[in-house]
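What follows is a single structure, written as structure tokens, with notes after it.
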Amino acid sequence: MRGAFVANQLMRLADLISDQGELLLQDAGIEFPARAVSYILLIGEQREISTADIAKLLRQPHQVATQRVELLITSAIVERIADPQDGRRKILRLTPSGIEQFGRLQACLEKAARAFAGLFEEIECDMPAITRRATEALEQRSVLERVRAL
């Protein structure tokens with residue numbers, strides 16, 4: 001029955017990491033929530049990107065991406081402008097405040113990466129590799145298919 005609780009345990013771990021990530025961001029003077037980190041990274045690294053492109057890259061529903069982007073726009077960290085190549089398309093870019101926050105985020109994430117490397121060594125598990133492998137395996141062959149094969 002150990003496997004029956006895997007999803008619950010993974011959700012609890014994800015929530016714990018997210019909650020502790022919020023504290024880490026606050027300590028670093030970062031003014032946006034942990035759930036928006038991947039958005040800031042994409043916008044900061046790409047310089048200009050659309051909400052639809054973010055949703056596709058993060059494999060999230062467009063509605064979720066739109067909600068997160070609106071939060072960042074309201075916080076004056078991101079701005080939406082018309083695409084000079086295509087007037088119908090809107091692109092996102094960091095505001096001056098967003099650029100400053102992006103720099104803080106990069107420094108914070110460098111330290112967090114070292115802390116997570118220590119954690120993974122402590123628990124003797126390359127968690128990112130394991131979660132990627134599990135996701136890929138379940139995408140190729142679902143739990144239902146695995147049960148039916150028994």
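Points to keep in mind about this one:
- Some residue of segment 59-70 being loosely packed, with under 13 Cβ neighbours inside 10 Å, part of a helix (DSSP H, G or I) and either charged (D, E, K, R) or in contact (Cβ under 8 Å) with a residue 24 or more places away in the chain (or both): no
- Selection status of Arg89, surrounded by fewer than 16 Cβ atoms within 10 Å (Cβ to Cβ), outside any helix (DSSP H, G or I) and touching a residue at least 12 places away in the same chain (Cβ under 8 Å): yes
- Count of segment 25-36 residues, restricted to those that are within 16 Å of the chain's Cα centre (by Cα), of a type in the set (A, V, I, L, M, F, W, C) and not in a helix (DSSP H, G or I), is 2.
- Test: residue in segment 120-138 that is closer than 19 Å to Leu25 by Cα and aromatic (Phe, Trp, Tyr): no
- Scanning segment 104-128 for residues that are within 16 Å of the chain's Cα centre (by Cα) and loosely packed, with under 11 Cβ neighbours inside 10 Å gives Glu110, Ala113, Pro128.
- Tally of residues being of a type outside the set (Val, Ile, Thr) and either in contact with a helix residue (DSSP H, G or I) (Cβ under 6 Å, 6 or more places away or on another chain) or within 13 Å of Arg68 (Cα to Cα) (or both) across segment 43-57: 4
Conditions (1) assigned to a helix (DSSP H, G or I); (2) under 22 Å from Ala76 (Cβ atoms); (3) modelled with pLDDT under 95, marked per residue:
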residue: Glu100; (1), (2), (3): yes, yes, no
residue: Lys111; (1), (2), (3): yes, no, no
residue: Glu121; (1), (2), (3): yes, no, no
residue: Glu124; (1), (2), (3): no, no, no
residue: Pro128; (1), (2), (3): yes, no, yes
residue: Arg132; (1), (2), (3): yes, no, yes
residue: Thr135; (1), (2), (3): yes, no, yes
residue: Val147; (1), (2), (3): yes, no, yes
residue: Leu150; (1), (2), (3): no, no, yes
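- If you go through segment 69-89 and keep only what is modelled with pLDDT of 90 or more and charged (D, E, K, R), you end up with Glu70, Glu79, Arg80.
- Test: Arg104 is closer than 28 Å to Asp27 by Cβ, in contact (Cβ under 8 Å) with a residue 40 or more places away in the chain, touching an Asp or Glu at 6+ places or on another chain (Cβ under 8 Å) and of a type in the set (Lys, Arg): no
- Only one entry of Gln26, Gln20 meets the criterion of being at pLDDT 90 or above, within 16 Å of Ser75 (Cβ to Cβ) and surrounded by fewer than 14 Cβ atoms within 10 Å (Cβ to Cβ), and that entry is Gln26.
- Residue satisfying all of: in segment 37-56; among the hydroxyl-bearing types (Ser, Thr, Tyr) and in a helix (DSSP H, G or I); nearest to the chain's Cα centre (by Cα) among these: Ser38
The values are calculated or read from the model by the stated rules, or taken from the named source; none is laboratory data. The shown structure was predicted, so the numbers you read here are calculated from the model rather than taken from an experiment. Cβ coordinates were reconstructed from backbone atoms using ideal geometry, including for glycine residues, and neighbour counts include every protein chain displayed.
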